[in-house]
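A.B. asks: Got a structure here, written out as structure tokens. Questions coming.
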Amino acid sequence: MAAIFILASVNGIAPRAIKAVMFSGWNSAVFNTFDISIIVWGAWASACYLAVRANDKKPITALDVFVACTVLVLVTLPVAPLSLLSVSLLSAYVFLTSPKHSLERRSATIFFALCVPLLWGPALLALAAHPLLNIDAFLVATLMGTKQTGNVVTFVDGVHSMQIWPECSSFHNISQAALAWIALSQTLGQDLGPRDVFWGGLAVILAATINLGRLSLMAVSPEYFVTIHGPLGAQIAGGLTILLIASVCILGQRRDLFAHS
């Protein structure tokens, strides 16, 4: 199961990394972590580590073989989302059939959470884009004191305007905040509970706040839009988001984190 987890997840992530190298070159791709968040890479490494370390001695069942074969069939198809779908299915199966507190279950939890920013989050955002982008536009217009029509916001100058797309939404990639918390808690061997809802939710709120703040600054003027919407603005916002998420995770897990160190 560990080998299948790693194979399926690599097959789902690799196309994005290869595309980054093809379009940006090796230097730029490595600097931008292959257009994949460092949080995703860290969670993936933790999940693989736990999966490899798992010592499951129970006998292989016919259902295990069926699930493994189904996942392998999906992985062989040249469609990256199907590989991520197979990771979701396999992680759900392993979670349900593994003992509580086991390394297998903890690894499966991270693998499933990993599929949220890579597959389910973007799919949900695309499906519910219209109301979510309208909410973004309303919040930006309210904060900046400008006008809003649908997902279009007027700049502070009252002349120009900008349209908010899913890739720029405050809801974009907020699932990475929850992934960071889940990956750390499962790596430390903790059970998920109400405490995780609070700290994970706090990380999500902070990530969304950074995104919303960036959108609001874009609405100041066309000059601000060009700078903040460009690579520099994206890197600053991304770095600040990762810093805040890491701070929340370390603060919330400080006792167990330092106890393991």
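A.B. asks: Select from region 152-167 the residues that are surrounded by fewer than 19 Cβ atoms within 10 Å (Cβ to Cβ), over 15 Å from the mean Cα position of the chain (by Cα), not in a loop (DSSP other than H, G, I, E, B) and not polar (S, T, N, Q) and list them in ascending order.
C.D. replies: V152
A.B. asks: Go through (1) at pLDDT below 90; (2) surrounded by fewer than 14 Cβ atoms within 10 Å (Cβ to Cβ) for I174 and report which single condition fails.
C.D. replies: Checking I174 against (1) at pLDDT below 90; (2) surrounded by fewer than 14 Cβ atoms within 10 Å (Cβ to Cβ), the one that fails is (2).
A.B. asks: Let me ask something else about it. For residues that are more than 30 Å from L90 (Cβ to Cβ) and in contact with a helix residue (DSSP H, G or I) (Cβ under 9 Å, 6 or more places away or on another chain), tally how many sit in region 105-136.
C.D. replies: Let us first name the residues in region 105-136 that are more than 30 Å from L90 (Cβ to Cβ), namely 130-131, 133-136.
Imposing the further condition that a residue be in contact with a helix residue (DSSP H, G or I) (Cβ under 9 Å, 6 or more places away or on another chain) reduces the set to 133, 136.
Residues that pass the stated criteria total 2.
A.B. asks: OK, next. Pick from A126, A113, A92: which is within 19 Å of the chain's Cα centre (by Cα) and within 18 Å of I39 (Cα to Cα)? Write out each step before concluding.
C.D. replies: Numbers: A126 fails: within 18 Å of I39 (Cα to Cα); A92 fails: within 18 Å of I39 (Cα to Cα).
Residue meeting the stated conditions: A113.
A.B. asks: Looking for whichever is open to solvent by 70 Å² or more (accessible area, probe 1.4 Å), of a type in the set (A, V, I, L, M, F, W, C) and not in a loop (DSSP other than H, G, I, E, B) here; the options are V87, V30. Which one fits? Full working, then the answer.
C.D. replies: Numbers: V87 fails: open to solvent by 70 Å² or more (accessible area, probe 1.4 Å).
Testing whether each residue is open to solvent by 70 Å² or more (accessible area, probe 1.4 Å), of a type in the set (A, V, I, L, M, F, W, C) and not in a loop (DSSP other than H, G, I, E, B) leaves just V30.
A.B. asks: Turning to a different aspect of this structure: For P122, are the conditions met, namely being open to solvent by 40 Å² or more (accessible area, probe 1.4 Å) and either acidic (D, E) or closer than 23 Å to G193 by Cβ (or both)?
C.D. replies: On the way: open to solvent by 40 Å² or more (accessible area, probe 1.4 Å): yes; either acidic (D, E) or closer than 23 Å to G193 by Cβ (or both): no.
Taking the combined requirement at face value, the residue does not satisfy it.
A.B. asks: Inside region 42-68, can you point out the residues that are assigned to a helix (DSSP H, G or I) and open to solvent by less than 70 Å² (accessible area, probe 1.4 Å)? Spell out how you get there, then give the answer.
C.D. replies: Applying the first criterion (assigned to a helix (DSSP H, G or I)) to region 42-68 yields 42-53, 62-68.
G42, A43, W44, A45, S46, A47, C48, L50, A51, D64, V67, A68, listed by residue number.
A.B. asks: Residue by residue through region 15-27, note down the ones that are open to solvent by 30 Å² or more (accessible area, probe 1.4 Å) and within 17 Å of the chain's Cα centre (by Cα).
C.D. replies: Residues satisfying the conditions are P15, R16.
A.B. asks: Within region 221-261, can you find the residues that are open to solvent by 40 Å² or more (accessible area, probe 1.4 Å), under 26 Å from L133 (Cβ atoms), in contact (Cβ under 8 Å) with a residue 40 or more places away in the chain and not aromatic (F, W, Y)?
C.D. replies: The answer is H229, I242, L244.
A.B. asks: So which pairs qualify, if the first residue must be in region 90-104 and outside any loop (DSSP other than H, G, I, E, B), the second must be of a type in the set (D, E), the Cβ gap must be under 6 Å, and the two must be at least 6 apart or on different chains?
C.D. replies: Pairs found: V94/E104; E104/D56.
The values are calculated or read from the model by the stated rules, or taken from the named source; none is laboratory data. Every value quoted in this text rests on a predicted model; they were computed, and no experiment measured them. We place every Cβ from the backbone using ideal geometry, glycine too, and count neighbours over all the protein chains shown. Please note that ligands, DNA and RNA were not included when accessible areas were found on the heavy atoms of the full protein model with its side chains. Shrake-Rupley method; radii C 1.70, N 1.55, O 1.52, S 1.80 Å.
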